[in-house]
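Asks: Take a look at this one; I'll ask things after.
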Amino acid sequence: MAAPRKFDAVIIGAGAAGLMTAIEAAKRGRTVVVIDHAKAPAEKIRISGGGRCNFTHLDAAQKNYISANPNFCKSALKRFTPWDFLDRVIARGIPYHHKAENQLFCDNSAMDIIDMLLDDLKSHGGELWLQSPVSDLEKTPEGFRLSVPGAVIECQNLVLATGGLSIPKMGATGFAYDVARRFGHDIVPTRAGLVPFTLGGEKLQYIEGLSGVSLNARVRIGKKSFNDGFLFTHRGLSGPSILQISSYWTPGQAVEIDLRPDINVMETLKERRRSTPRQHIANVLSEIVPKRLSDRILEAAILDGETRIADLSDKKLMAINTWLQPWSLIPDGSEGYRTAEVTVGGIDTQHISSQTFESALCPGLYVVGEALDVTGWLGGYNFQWAWSSGWAAGQAI
Ligand code: FDA
């Protein structure tokens, strides 16, 4: 049996957070290896943002993250900011553009970001071992010992960067949770986040035929609300506003939906009854919402579209309004980890340093990225968390 390979740090998980940790540690002269069980590194970066990677959000701050400890993310986000990551993108000459609200995307391909990270790792002497599932991980007096096919590795520092449970088809596992548990850490219960809702029974029947209809909506659970795109699908509801609110949803909770948050629909209908009394209700309504939705609402309210609006009582107008403002429903479920962009919950931050990301229970053990109980909103916040937490750990190991 060959002698163990020795490194200052082993980083398990070649995603955004693991690569950033390794690059920063390697820059400081540490010997590092990033190991991953997948065939290719950073698969989630590759598919992110529709292939163009929404690599950060310029306003990323504590308020955009969900965690049992809301202050935990503050320090790292302040020490390695979205502007710091953008500086690297610019220095590398990667073309990028802004989308709504300071979301930054690559112009060409998410591969530009992956290539930048891999080149940085290599140029600072870091190693990357793919198709290397870990076995026999144990704590030693000097640090850690673990095995991968063909090698035993010894290291002082071990970094868990294996992400969350979303998209198991792409290699997501609960590896980080299992190791953290072994060393005494709690796991904040996990659930799928940034995920479409599914509907069943009558609710699904109601939206039948609306698949593909999109509009701007405000969705709300308690005090949390998002005003953004909304999409009917053949299985339920999706679009940015729904994905955002899904991260706050627990089964059985009602979601309030306003399909025209910018106007008071009831007042608008009454005003049209005064100003254009001879217009058919179908024509008036299709100016307010897309035609297919307008037809569906009239059908559900048992109204003939050719009725003149002047002939509709307040009660009838209210029946229309009920479908639009506000519309409350309890989703049957979500599409789950199969399609979720993130995992809400994860390794409890209680015994992790927010400065160094080292475990207080097991010196030398670090956790970064999505494996932690820190979940960002849709819009580049999750990659920023990966960069910031990875950068901070990389300064410490
Ligand atoms: P990440 O999941 O990226 O990496 C973990 C790595 O660990 C993987 O390479 C995996 O193979 C490896 N691994 C897992 N288990 C292992 C094991 N047992 N042994 C060895 N290796 C193991 N965010 C954003 O900010 N902007 C965006 O545009 C998008 N878009 C987007 C689209 C889609 C479809 C998804 C699913 C997600 C996004 N996200 C996003 C979220 C973002 O991708 C996510 O939050 C980060 O990739 C998390 O980075 P990590 O490095 O923590 O984990």
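The values are calculated or read from the model by the stated rules, or taken from the named source; none is laboratory data. All values reported here derive from a predicted model rather than from experimental measurement. For neighbour counting, all protein chains shown are included, and Cβ atoms are generated from backbone atoms with ideal geometry for every residue, glycine included. Ligands, DNA and RNA are excluded from the accessible area calculation, which covers all protein heavy atoms including side chains. Shrake-Rupley method; radii C 1.70, N 1.55, O 1.52, S 1.80 Å.
Asks: Checking Gln384 against (1) more than 10 Å from the ligand (Cβ to nearest atom); (2) in contact with a helix residue (DSSP H, G or I) (Cβ under 9 Å, 6 or more places away or on another chain), which test does it fail?
Replies: It fails just one condition, (1).
Asks: What residue, among those in region 101-135 that are exposed (fewer than 14 other Cβ atoms within 10 Å of the Cβ) and free of Cβ contacts under 8 Å to residues at least 12 places away in the same chain, is farthest from the ligand (Cβ to nearest atom)?
Replies: Ranking the qualifying residues of region 101-135, first place goes to Ser123.
Asks: Let me ask something additional. I'm trying to understand the selection: among the residues of region 290-337, which are assigned to a loop (DSSP other than H, G, I, E, B) and hydroxyl-bearing (Ser, Thr, Tyr)?
Replies: Answer for region 290-337, where residues must be assigned to a loop (DSSP other than H, G, I, E, B) and hydroxyl-bearing (Ser, Thr, Tyr): Thr307, Ser313, Thr322.
Asks: Among what's in region 339-361 and is more than 17 Å from Phe175 (Cα to Cα), outside any strand (DSSP E or B) and not hydroxyl-bearing (Ser, Thr, Tyr), pick the residue that is nearest to the ligand (Cβ to nearest atom).
Replies: Applying the filter and picking the extreme gives Glu341.
Asks: If I go through region 1-25 residue by residue, how many of them are under 26 Å from Tyr381 (Cβ atoms) and outside any strand (DSSP E or B)?
Replies: 13
Asks: Within region 123-167, can you find the residues that are acidic (Asp, Glu) and out of contact with any Leu (no Cβ under 9 Å at 6 or more places or on another chain)?
Replies: Glu142, the sole residue that qualifies.
Asks: To continue, here is another question. Which members of region 362-377 meet the condition of being assigned to a loop (DSSP other than H, G, I, E, B), touching a residue at least 24 places away in the same chain (Cβ under 8 Å) and either open to solvent by 10 Å² or more (accessible area, probe 1.4 Å) or more than 16 Å from Val188 (Cα to Cα) (or both)?
Replies: If the condition is that a residue be assigned to a loop (DSSP other than H, G, I, E, B), touching a residue at least 24 places away in the same chain (Cβ under 8 Å) and either open to solvent by 10 Å² or more (accessible area, probe 1.4 Å) or more than 16 Å from Val188 (Cα to Cα) (or both), then Cys362, Gly364, Trp377 are the ones that fit.
Asks: Can you give me the number of residues within region 321-357 that are more than 23 Å from the chain's Cα centre (by Cα) and surrounded by 21 or more Cβ atoms within 10 Å (Cβ to Cβ)?
Replies: 2
Asks: Can you confirm whether Ser75 is farther than 30 Å from Asp136 by Cα and in contact with a Ser or Thr (Cβ under 9 Å, 6 or more places away or on another chain)?
Replies: Yes; evaluated as a whole, the condition is true for this residue.
Asks: Between residues in region 160-178 that are near the ligand (Cβ under 9 Å from one of its atoms) and residues that are of a type in the set (Ser, Thr, Tyr) and open to solvent by 30 Å² or more (accessible area, probe 1.4 Å), which pairs lie under 6 Å by C-beta distance while being six or more apart or on different chains?
Replies: Here the result reads Ser166/Tyr337; Phe175/Thr162; Ala176/Thr162, each pair linking region 160-178 to a residue that is of a type in the set (Ser, Thr, Tyr) and open to solvent by 30 Å² or more (accessible area, probe 1.4 Å).
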